[in-house]
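Reading through the structure tokens given below for one structure.
The values are calculated or read from the model by the stated rules, or taken from the named source; none is laboratory data. Quantities reported herein were computed from a predicted structural model and do not represent experimental measurements. Please note: Cβ atoms are built from the backbone with ideal geometry, for glycine as well, and neighbour counts cover all protein chains shown.
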Number of protein chains: 2
Amino acid sequence: MTTIDRIDQRILHELSRDARQTNVKLAEQVGLSPSACLRRVQELERSGVITGYKAVIDRSRLGIGCVVYLTVGLSKHTKASLEAFERAIAEAPEVVECHTITGAVEYLLRVEVTDIGAYKDFHTNVLGTLPHVSSITSHIVMDSSKSTRS
Amino acid sequence: MTTIDRIDQRILHELSRDARQTNVKLAEQVGLSPSACLRRVQELERSGVITGYKAVIDRSRLGIGCVVYLTVGLSKHTKASLEAFERAIAEAPEVVECHTITGAVEYLLRVEVTDIGAYKDFHTNVLGTLPHVSSITSHIVMDSSKSTRS
DNA sequence: CTTTAGCGCGCAACTCGATTGCAATTCATT
DNA sequence: AATGAATTGCAATCGAGTTGCGCGCTAAAG
């Protein structure tokens, strides 16, 4: 594992909050000169600690009104059926996350759609067409009081 | 809702992939001159579609070896007990997401820790000390085959 | 049909930040 | 104390960011 000191941690924290602040400002905030700060950032990128940067988009402004976490259980647990399911999920733009999890079911998915009708459509016409799906439990997100993941 | 045309969508898509590419490169990719492209980005920011930018950090490089999604049910559903729970969760650095969801339980949390022992510690010493927590169901993430959320 | 107004765009000039080479400083080891 | 390695700061250069101005296109009004 790469050695991360306190200044690196500060840099990571700052870039988690605002990845497009100028390097000059970032350097000020972590107490380095701009060039030393930039080299730190470059090293964090090169070593793979920082894997990229992304825009944070307010999906509700784009019409996303409904976020759903759902668990999916499969009736067949062969490698082939798992892979077929994951391939289908990879093709579904509504699904923004797919995790293989421990427990009574195989997957936890995060789905983002415009409204509950669109979710029903997804549920019926996407999930409903996949072979080996034996259980689906949906949880609509009413509020996200914490979202600090980066 | 702000009007988003196809070029705006292209911009959003590109900035979801690499938010620190130069504006010159972004402009090339969406087929505008750099200044027109920049104004589009500025407008997407001003209007709140883009709420910010963040670094994507590979947590496993920082020692995070264990991601857990867990559902939490409360025994009391008063406003006061809900708020107390959320305040406690806001103070727990291991919890990176907290969603209020429909269904038999109240919350879905995402927790990131170094290893399963650290999760047990969190489970016992953080969750275990909170009043009104009546059920906890943990799912360890074994793999995330899709993660396109932005 | 013509004219006008509004919107989005491109061009170009200026400013400032990004980047990198070199030298200095600091820290750790012998 | 000396040496080597790692980190940092300085400064110069280049390129990108930013913005004002004018142009072109489209739609609406006369």
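At a glance:
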quantity: Residue among A:G48, A:G31, A:G65 that alone is away from DNA strand D (no atom under 13 Å from the Cβ) and on the phi > 0 side of the Ramachandran plot; calculated: A:G48
quantity: Condition met for B:T71 (of a type in the set (V, I, T), assigned by TED's automatic domain parsing to the domain that holds B:E112, more than 11 Å from DNA strand D (Cβ to nearest atom) and loosely packed, with under 13 Cβ neighbours inside 10 Å); calculated: no
quantity: Number of positions in the stretch B:1-45 that are facing chain A (nearest Cβ under 9 Å), among the β-branched types (V, I, T) and surrounded by fewer than 16 Cβ atoms within 10 Å (Cβ to Cβ); calculated: 1
